[in-house]
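Please read the structure below before turning to the comments.
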Amino acid sequence: MSEFLRTYLTVGIFGLLGAGFVGALLGVSRILRPSRPTLDKTENYESGVDPVGNMWSQANIRYYVFALLFVLFDVEAVFIFPWAARLETYGLFGLVEMSIFIFILLLGLFYAWRKGMLRWI
């Protein structure tokens, strides 16, 4: 057997051992845990508010768009931070590229603002 296949065999063996270990621990925890099902434990629970009425209610799409915009700009900060940490290495080219990147982000933010998606009401 070649060295290349032996390394993959080692990874496969450790993967199977890890999956077996996880399965064994889940099985032991299922056997040892207390199980006392009640009707209260199966009831829906949402942020400390008791459920009232039927379970279906529509939420305004604006909340989802607002959250999506937050995540988008939060993730973009992940791209800007390494650039800022190594700014002198990238020089003028890096500055121009990041300026274009931030400009495109600001265009998206301006578009969302003009469409009224940033109003919380």
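Answer yes or no as to whether F93 is within 23 Å of the chain's Cα centre (by Cα), among the aromatic types (F, W, Y) and assigned to a helix (DSSP H, G or I). Break it down stepwise before answering.
Details: within 23 Å of the chain's Cα centre (by Cα): no; among the aromatic types (F, W, Y): yes; assigned to a helix (DSSP H, G or I): yes.
Taking the combined requirement at face value, the residue does not satisfy it.
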Within segment 1-20, residues modelled with pLDDT under 85, assigned to a helix (DSSP H, G or I) and not charged (D, E, K, R) come out as F4, L5
Within segment 72-107, residues surrounded by 10 or more Cβ atoms within 10 Å (Cβ to Cβ) and within 23 Å of A59 (Cβ to Cβ) come out as L72, F73
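The values are calculated or read from the model by the stated rules, or taken from the named source; none is laboratory data. Just so you know, these numbers come straight off a predicted model, no measurement behind them. Every residue, glycine as well, gets a Cβ built from its backbone with ideal geometry; the counts of neighbours run over all protein chains shown.
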